[in-house]
Amino acid sequence: MPYMLLGAAMISFAGVFVKLVEVGPTATAFYRMLFGGLVLAVLLLARGERVRPGGRALAFMALAGLLFALDLFFYHRSILYIGPGLATLIANFQVFILALVGVLLLGERLRWQTALSILLAVFGLATIVGFDWLSLEPRYRTGIALGLVTACCYAAYILAVRGSRGRGAVPSLIGNMAVISLCCAALLAVAVVVEGASFRIPTVRDGALLLGYGVVCQALGWLLISRGINTVPAYVVGLVLLLQPTLAFLWDVLFFARRFTIAEAVGAAIVLAAIYLGVRRPVVNSKAT
């Protein structure tokens, strides 16, 4: 659990890096995964490890790479439209998607807490952005929609990573995340080319920011999270990752002087409370009654 908490704190800076760097959103995502994947590959070689995953593990790693490429594609654009704090908060609606997956696919019962948490989250989001959807600027509405798509990709990515660490021949955690990161980088490189965008890094400052983005938010952050991701239930993963949107919102206020109203602060608190309620499990009393 401590490793996952530290990892969640590290990836909370993702929006800060994206906001500061003067590179296109898809290229920024590409460099995150490329630099992060290369750092992990160097660590792998330094440890003398070889990556020989079984077919099942390799399939899940490739799937995870695809899903995270989609996650970053939509997330980076959401940040540019509505800022890192709100974009990250909405992206972490993934906990509700994980809960619904448990109900629909894993045979779990729909608890009243889960149903209430979803309603609270929707109400909290409406409190932040306003209840009149049509009155919002088109760019702002687009940013919110992209954030929700990010949440879907994020939840699917978490499940794919868990699947890649399941039974069968699997590489070490470093090897696992190195393969996922480099697969993701390759897919994002294709996206940059298809978009007709540029891989150019305009300044040394941008290069340093991109390197920091890859090392902090990908190589170290997700490596720490992955170290504990398969040892705890899926809902605990969502609870630990709740630290990410909380800190991201704080960084948005501190680093970019984001102004917020009382309604926005209350809405954010409601969403965070809803996420906590959605992933919390009741404590079972083992004593005889």
Screening 101, 95, 122, 42 for residues that are closer than 20 Å to residue 183 by Cβ, among the β-branched types (Val, Ile, Thr) and either crowded, with 22+ Cβ neighbours inside 10 Å or out of contact with any Gly (no Cβ under 7 Å at 6 or more places or on another chain) (or both) leaves only 42
The range 189-209 - residue that is of a type in the set (A, V, I, L, M), part of a helix (DSSP H, G or I) and out of contact with any Leu (no Cβ under 7 Å at 6 or more places or on another chain) and, of those, farthest from residue 47 (Cα to Cα): 194
Would you check which residues across the range 249-282 are more than 19 Å from residue 120 (Cα to Cα), surrounded by fewer than 16 Cβ atoms within 10 Å (Cβ to Cβ) and modelled with pLDDT of 80 or more and list them? 250, 253, 254, 255, 256
Cβ contacts < 6 Å: first residue touching a residue at least 60 places away in the same chain (Cβ under 8 Å) and within 18 Å of residue 17 (Cβ to Cβ), restricted to the range 246-267; second residue among the β-branched types (Val, Ile, Thr) and assigned to a helix (DSSP H, G or I), any location; separation 6+ or different chain. Result? 248/88; 251/16; 255/16
Evaluation of residue 62 against (1) surrounded by fewer than 24 Cβ atoms within 10 Å (Cβ to Cβ); (2) over 21 Å from residue 176 (Cβ atoms) (one fails), failing number: (2)
Considering only the range 85-120, how many residues are touching a helix residue (DSSP H, G or I) at 6+ places or on another chain (Cβ under 8 Å) and in a loop (DSSP other than H, G, I, E, B)? 5
Counting only residues that are surrounded by 15 or more Cβ atoms within 10 Å (Cβ to Cβ) and not acidic (Asp, Glu), the range 187-221 contains a total of 21
Residue 197 vs. criteria modelled with pLDDT of 95 or more and not basic (Lys, Arg): no
Here's a check for you: in the range 1-22, which residue that is of a type in the set (Phe, Trp, Tyr) and assigned to a helix (DSSP H, G or I) is surrounded by the fewest Cβ atoms within 10 Å (Cβ to Cβ)? 3
Tell me, yes or no, whether the range 69-84 has at least one residue that is outside any helix (DSSP H, G or I), aromatic (Phe, Trp, Tyr), closer than 13 Å to residue 147 by Cα and in contact (Cβ under 8 Å) with a residue 24 or more places away in the chain. no
Write out, first by first residue and then by second, each pair whose Cβ atoms fall under 6 Å of each other, whose residues are 6+ apart or on separate chains, and whose first residue, in the range 37-54, is within 10 Å of residue 174 (Cβ to Cβ) and at pLDDT below 80 while the second is among the small types (Gly, Ala, Ser) and surrounded by fewer than 19 Cβ atoms within 10 Å (Cβ to Cβ). 49/172
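The values are calculated or read from the model by the stated rules, or taken from the named source; none is laboratory data. Please read all numbers here as calculations on a predicted model, not as lab measurements. For neighbour counting, all protein chains shown are included, and Cβ atoms are generated from backbone atoms with ideal geometry for every residue, glycine included.
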